[in-house]
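Quick notes on the structure that follows.
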Amino acid sequence: MPVQRNDSPVPQHTRQHLAPAQPGDWAASRQGTQVKAKRSMLTNWEIALKGKDVQLVPYRRKHVPTYHDWMQDPWIREMTASEPLSLEEEYAMQLSWKEDPKKCTFIVLALSGGGGGEGKEKGTGESAVMAGDVNLFFNDYEDPGMCEVEVMIAEEGLRRRGLAKEAVLMLMRYALDNLGATTFYCKIGDANVASRALFEKLGFRRHAYVEAFKETELRLQVAGGTGASAEGVTESPEMVAAAAAAATLRTQTEHVETMPYPAPAETEAGATEKAVGVVDTCIL
């Protein structure tokens, strides 16, 4: 289905084409910075996060055909600066994401259903439809707690329902509690007004503007201070703000449940061809 062009938010920035990293390996970021992270999708491989309207589940082999169908849309590929991949390459990609120490990826399921038409998933407790995905990338060598957050609601009929907002909040809470995240950031192109509005509502603030990419970097710090000062020690405004942001995030996600999501009986071997590491991006 063609993606609506008018008031649909567009991706924050282009997809990255990187060689997939193995656990413990050095991996290059978009800027060429080398990063060594101690995380991967293995951390969330057998759990699901259930919110009010969204459930986040690991990106499994069974999700690949629907994801591949999304990427057949020329407009989505244009907005994500993506080259078309074969289904076999997409399977290889899914496997590489599972092992990549820089990434944490969840598939976004819309619990209310409707609008998607494909990718209905059983075992979630109610009707659920694949809507998109949400991702974290730990690409900062100097600050291992800094991570880029991206979200995509690929199904046109499921956009503008608040799914992206809830998915991002749930992912950030998971990263804060389990992955050592301290600062989240996103890079949003000038034309992507709706995406910028979303992240600003979540508390992100402008940090820098990159003229070469015509994009603004927004940041939200959620760790670095508890708000309880030692005697004679004055906390910085940044530490106090981070503690407040973390408290707000926990309040906004106190309804989220962590549920088991057992590994499938079928193999996750995927395609045997060498994968090309493509970093996913965002459509709300």
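At pLDDT below 50 and closer than 30 Å to residue 260 by Cβ: is that true of residue 11 in this structure? Give the derivation first.
Working: at pLDDT below 50: yes; closer than 30 Å to residue 260 by Cβ: no.
So residue 11 does not fit the description; no.
Of all residues in segment 44-64 being in contact with a helix residue (DSSP H, G or I) (Cβ under 9 Å, 6 or more places away or on another chain) and part of a loop (DSSP other than H, G, I, E, B), which is farthest from residue 129 (Cα to Cα)?
Per the criteria, the residue is 45.
Report, by residue number, each residue of segment 245-272 that is within 16 Å of residue 202 (Cα to Cα) and either in contact with a Gly (Cβ under 6 Å, 6 or more places away or on another chain) or at pLDDT below 95 (or both).
From segment 245-272, those within 16 Å of residue 202 (Cα to Cα) are 245-254; that's our starting set.
Matches in segment 245-272: 245 only.
Of everything in segment 33-64 that's among the β-branched types (Val, Ile, Thr) and touching a Ser or Thr at 6+ places or on another chain (Cβ under 7 Å), which residue is modelled with the highest pLDDT? Even if it seems obvious, please write down each step before you answer.
From segment 33-64, those among the β-branched types (Val, Ile, Thr) are 33, 35, 43, 47, 54, 57, 64; that's our starting set.
Cutting the leftovers down to touching a Ser or Thr at 6+ places or on another chain (Cβ under 7 Å) gives us 35, 47.
Working: 35: 34, 47: 94.
The selected residue is 47.
Can you pull out the residues in segment 87-110 that are within 14 Å of the chain's Cα centre (by Cα) and of a type in the set (A, V, I, L, M, F, W, C)?
97, 104, 106, 107, 108, 109
Under 8 Å between Cβ atoms, which residue pairs at least 6 apart in sequence (or on different chains) link something in segment 156-168 that is in contact (Cβ under 8 Å) with a residue 24 or more places away in the chain with a partner that is aromatic (Phe, Trp, Tyr) and surrounded by fewer than 22 Cβ atoms within 10 Å (Cβ to Cβ)?
none
So residue 147 passes all but one of these: (1) part of a helix (DSSP H, G or I); (2) surrounded by 23 or more Cβ atoms within 10 Å (Cβ to Cβ). Which condition number does it fail?
Result: residue 147 passes all but (1).
Can you name the residue in segment 185-206 that is free of Cβ contacts under 8 Å to residues at least 40 places away in the same chain and surrounded by 15 or more Cβ atoms within 10 Å (Cβ to Cβ) and is also nearest to residue 139 (Cα to Cα) among such residues? Break it down stepwise before answering.
First, pick out the residues of segment 185-206 that are free of Cβ contacts under 8 Å to residues at least 40 places away in the same chain: 185, 190, 196-197, 199-202, 204-206.
Among the residues that remain, those that are also surrounded by 15 or more Cβ atoms within 10 Å (Cβ to Cβ) are: 185, 196, 199, 202, 204.
Working: 185: 11, 196: 21, 199: 20, 202: 22, 204: 19 Å.
Checking each candidate, the answer is 185.
For segment 65-109: of the residues being part of a loop (DSSP other than H, G, I, E, B) and polar (S, T, N, Q), which is modelled with the lowest pLDDT? Working first, answer last.
The initial filter retains those residues of segment 65-109 that are part of a loop (DSSP other than H, G, I, E, B), namely 71-73, 80-86, 100-102.
So of that shortlist, the ones also polar (S, T, N, Q) come out as 72, 80, 82, 86.
Details: 72: 94, 80: 65, 82: 73, 86: 96.
Filtering segment 65-109 for residues that are part of a loop (DSSP other than H, G, I, E, B) and polar (S, T, N, Q), the one modelled with the lowest pLDDT comes out as 80.
The values are calculated or read from the model by the stated rules, or taken from the named source; none is laboratory data. These numbers come from a predicted model, not from an experiment. Cβ sites come from the backbone with ideal geometry, for glycine too, and all protein chains shown count toward neighbours.
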